[in-house]
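Contents: one structure, followed by commentary.
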Protein chains: 2
Amino acid sequence: MSVLVVGSVALDTVKTPFEEHADLLGGSASYAAVGSSFFSPVNMVGVVGDDFPEAHVEFFKARNINLDGLQTVPGKTFRWSGEYMLDMNVRETRSVALNVFEHFNPALPASYAETPFALLANIGPNLQNHVLDQMKRPKFIVADTMDLWINIALDELKRLLKRVDMLILNDSEARHLTKQTSLVKAGQQIQAMGPRFVAVKKGEHGCLLFGENGDFFSCCAYPLEDVHDPTGAGDTFAGGFAGYLAATNRGAVTFADLRKAVVFGSVLASYNVEQFSLERMRTLTKADIQERYEGFKLFSHFEVIED
Amino acid sequence: MSVLVVGSVALDTVKTPFEEHADLLGGSASYAAVGSSFFSPVNMVGVVGDDFPEAHVEFFKARNINLDGLQTVPGKTFRWSGEYMLDMNVRETRSVALNVFEHFNPALPASYAETPFALLANIGPNLQNHVLDQMKRPKFIVADTMDLWINIALDELKRLLKRVDMLILNDSEARHLTKQTSLVKAGQQIQAMGPRFVAVKKGEHGCLLFGENGDFFSCCAYPLEDVHDPTGAGDTFAGGFAGYLAATNRGAVTFADLRKAVVFGSVLASYNVEQFSLERMRTLTKADIQERYEGFKLFSHFEVIED
């Protein structure tokens, strides 16, 4: 089954203590769509300026991503610049230029309207709602969000939460949204705001998944020695998650499917941070993904007690 | 098999945003010994003043803890006072009075010398080394440590690391000791300093276990909605860990045993923080422990891929 992915498409400048690269492919939709594409066909929705390199378009196409919904308009592509500290968990945004993204009005091509899975990657909740308005009863809707929208568009975000099956956000955002220190309470409180499922990402500490009737899954992060660029890890996670879920193609989404989708999302994210931008995704294979999935099992499972 | 546990025995005053209690049973040896006692007989080594309540002594005895090595000397028992913020991960020490602990010289009763397992709970590494000097070839030695000793007794700590099978410390301490941001690199670097095994505790995010030849285990924390008093969680973890390991009573310690020991340590710690001091340990049963061990499996395992 296909996944509709909407979000930002950007050109990023990323600085770490060791390297700096300019005008890299970035944006939530880029990471999410490419992450999904390892499991399912993707219908992408986004906007770029007329300066957007053709090579990036070709990369999307080569990954079997349908670009009928990617608008190219006169002007410059959205640009973001950020810097990571020696502790790569700490990031500072150096500049943001919305450019053509400022007036983005996501219009779904007719061919996208019946896409069965939707991943509303990180963009304003007004745009996420607008995309949902154009879809015909998708089977499963996942939304990502961030601090900015909790601060400046809370009502619109709350309206969105009533319409989606699942929300993905990080731990500080979950605490911010609920004013709860306990992530367990925060997750449950977000479920009460609408989504049946909530995934709380904890960066290097993995992810918590909250389901119905107390269903709960705690997924560790892959133990990486070196992280070269954490940009897009969350978007890649969401993409891998939604892509795997769409590929399971069952009558209804089960919690066992969601557990596996969380692990696959984590596998994709763990690879993505090994290189800048989406570079690692260019060489990643199905066998790599399978290998690290098995790795997750090896380092997180333990025996039942015999004695 | 028995576990020798050496560490501090204290009377704690603990304040949280909701409650404050004075003169509670505390100290690393108290938590660790009681944690171990759920699995194995314990030989305790410590010191208290003549003000130490008889009721605490009776509690230790009731838990099958041998107190031949618990010295009672004239003066006051070690006192610690701390305060937790609304985010219970943040703690401030309000006061410390070493009292009789200042001149503590752990002397092992002859009957303790051949104890097969040793848990050197958190005390100065000079004292930990002094205890090892008095032991006859223990099968397995676990040591806990803290920031203070990395700051003021690094050489003595390094000497200790060459003598122990395993070090337990928390994530900030591992980073502090190695100057590494990556916990994976930090764990490996500590192994290179001596211990074959290293456990890095991450509080609400669980624990990483590093073994030989790249063996690795990542254990989630139990998803608690409410934490009433985090004091002693790490010591209880170490106690449950060492107690379970001693109880397995095999020829050699395997990594599979260590994985299970980490889960049992985490189970014990998850119960301990539900009430102040060691109160929860008074009512805890084997069935409770078993139930939460199974719970850890339910929320951390996922299926192998069939498709």
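General observations
- Estimated distance in nm for a label pair at A:K162 and B:A62, the labels positioned 7 Å out from Cα along Cα-to-Cβ: 5.4 nm
- GluC sites (Glu not before Pro) restricted to region B:160-264 and DSSP loop, no more than 16 other C-beta within 10 Å: B:E225
- Entry note: the protein assembly as shown has Rg to Rh equal to 1.03, where both radii use alpha-carbon atoms and Rh is the Kirkwood radius.
- Across chain B, the relative contact order, built from alpha-carbon pairs under 8 Å that are at least six residues apart, equals 18 percent.
- Extents of region A:96-221, largest first, come to 41, 34, 28 Å (Cα atoms, principal axes, whole angstrom).
- Summing +1 for each Lys or Arg and -1 for each Asp or Glu among the other residues whose beta-carbon sits under 12 angstrom from that of B:A110 gives -1.
- Sparse-neighbour loop sites [GluC sites (Glu not before Pro); region B:91-143; at most 15 other C-beta within 10 Å; DSSP]: B:E114
- Closest Cβ on chain B to the rotation axis that carries it onto A (distance rounded to whole Å): B:H205, 2
- Cβ-based net charge around A:K136, under 14 Å, with every Lys or Arg adding one and every Asp or Glu removing one: +1
- Loop-exposed trypsin sites (Lys or Arg not before Pro) per DSSP, neighbour cap 13 Cβ within 10 angstrom, longest uninterrupted part of chain A: A:1-135
- Residues of region A:82-125 with amide N under 20 Å of a point placed 7 Å along Cα→Cβ from A:E19: A:82-94
- Estimated FRET transfer efficiency (A:K136, B:D50; beta-carbon r; R0 56 Å; 0.05): 0.10
- Along each principal axis, taking the top coordinate minus the bottom one, the Cα set of region B:1-79 gives 41, 31, 19 Å in descending order.
- Ranking of B:T283, A:T16, A:T248, B:T231 by neighbouring Cβ atoms within 10 Å, starting from the fewest: B:T283, A:T248, A:T16, B:T231.
- Inter-site label distance for B:K76 and A:S172 at 7 Å from Cα along Cβ, in nm: 4.2 nm
- For chain B: Kirkwood Rh in Å [reciprocal of mean 1/r, alpha carbons]: 19.3 Å
- One chain, two ends: B:E303 and B:R250. Fully extended at 0.36 nm per residue, the span grows by 16.1 nm beyond their Cα-Cα distance.
- Evaluated at q = 0.13, 0.19, 0.21 Å⁻¹: base-10 log I(q)/I(0), Debye formula over Cα of region A:171-307: -0.59, -1.17, -1.32
- Relative contact order, percent, region B:109-213 [alpha-carbon distance under 8 Å, six or more residues apart]: 21 percent
Read-outs: derived from the displayed coordinates by stated rules, not from any lab. Keep in mind it's a predicted model, so treat the numbers as computed, not measured. Glycine gets a Cβ as well: all are built from the backbone with ideal geometry, and neighbour counts include every protein chain shown.
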